[in-house]
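Notes for the one structure printed next.
The values are calculated or read from the model by the stated rules, or taken from the named source; none is laboratory data. Remember, it's a predicted structure, so these values are computed and weren't measured experimentally. Don't worry about glycine lacking a Cβ; one is built from the backbone with ideal geometry, like all the others, and counts go over all protein chains shown. Keep in mind that these areas ignore ligands, DNA and RNA; they rest on the heavy atoms of the full protein, side chains included. Shrake-Rupley method; radii C 1.70, N 1.55, O 1.52, S 1.80 Å.
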Amino acid sequence: MSRPVLLPAAARVPRPWKNGGGVTTEIAVFPDGAGLDDFDWRLSAAEVASDGPFSTFPGIDRIIGILAGDGLILTVEGIGTVRLNPRSDPFAFPGDAPTDGQLAGGPVTDLNLMVRRGRTARLERIELSGSHALTAGPGVLLWQTGQGGVTVGDRAVGLAAMDGLQFADRFPCLVQSDGPGTIWLATIDRAGD
């Protein structure tokens, strides 16, 4: 089993969306170094500053959650319209379905987990206060807010806002928060596992 890898927020570089309509920041991608057309899975945060279409990703399934802002109203062809905000459960939809986003107020920051069809994935928001035992991976644990860290085996890792840990395997870990906080857990498995 390989050890989790620290994904510091300070090392990330914002890039234009695939359709040029906004800015995205890649948190993690597999395989390492994959681009927008050949990833197996990708976790990113996107700044949505105006209404407009989402980029299409043939053969990809997406799960979106709202990190910050008033919210986002998504209209997905074949599914309908859903309103998301920072307290909403993450929403799954096909990445190749035409999708339009409308801001519910001001700009929004969202979290996108995209996986090649044939994989199963989950995106969970976990509200913290104190200690929380969980099993992470394969995938990414993203620390959104609060102060604290994660202990994996005998290794303690302090995490700042939007830092993450990438897990290649399933690991039991203890997440400790010094007060109220929020983490996101992105888990990616092969279909049928």
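Probe of 1.4 angstrom, ligands and nucleic acids ignored: what's the accessible area per residue over the chain, in square angstrom? Walk me through the numbers on the way to the answer.
Working: 8870 Å² over 193 residues.
About 46 Å² of surface per residue is accessible.
In Å, what is the Rg of the alpha-carbon atoms in the stretch 74-150, and how long is Dmax?
For the stretch 74-150, the Cα-based Rg and Dmax read 15.0, 42 Å.
Picking from Ile79, Gly69, Val23, whose Cα lies most toward the positive end of the charge dipole for the stretch 14-103 (charges on Cβ: Lys, Arg +1; Asp, Glu -1)?
The residue sitting farthest along the positive end of the dipole is Gly69.
For the chain, what % of the accessible area comes from carbon and sulfur atoms, probe 1.4 Å?
Carbon-and-sulfur percentage of accessible area, whole number: 52.
Just need the relative contact order of the stretch 68-193 here, percent rounded to a whole number, with Cα pairs under 8 Å and 6+ apart.
28 percent
About its Cα centre, what dipole magnitude does the stretch 76-118 give when the only charges are +1 on Lys and Arg Cβ and -1 on Asp and Glu Cβ, stated in debye to the nearest 20?
With only Lys, Arg, Asp and Glu charged at Cβ, the dipole is about 140 debye.
Find the eigenvalues of the gyration tensor of the Cα atoms of the stretch 64-109, then list the square roots of 5 times those eigenvalues as equivalent ellipsoid semi-axes, largest first, in whole angstrom.
18, 11, 8
Can you compute the charge dipole magnitude of the chain about its Cα centre, using +1 on each Lys and Arg Cβ and -1 on each Asp and Glu Cβ, nothing else charged? Give it in debye, rounded to the nearest 20.
220 debye
As a test of the definition: which semi-axes, in Å, follow for the chain when you take the square root of five times each eigenvalue of its alpha carbon gyration tensor? Largest first, please. Kindly include the intermediate steps, with their values, before the conclusion.
Values: eigenvalues 142, 73, 44 Å².
The equivalent ellipsoid of the chain has semi-axes of 27, 19, 15 Å.
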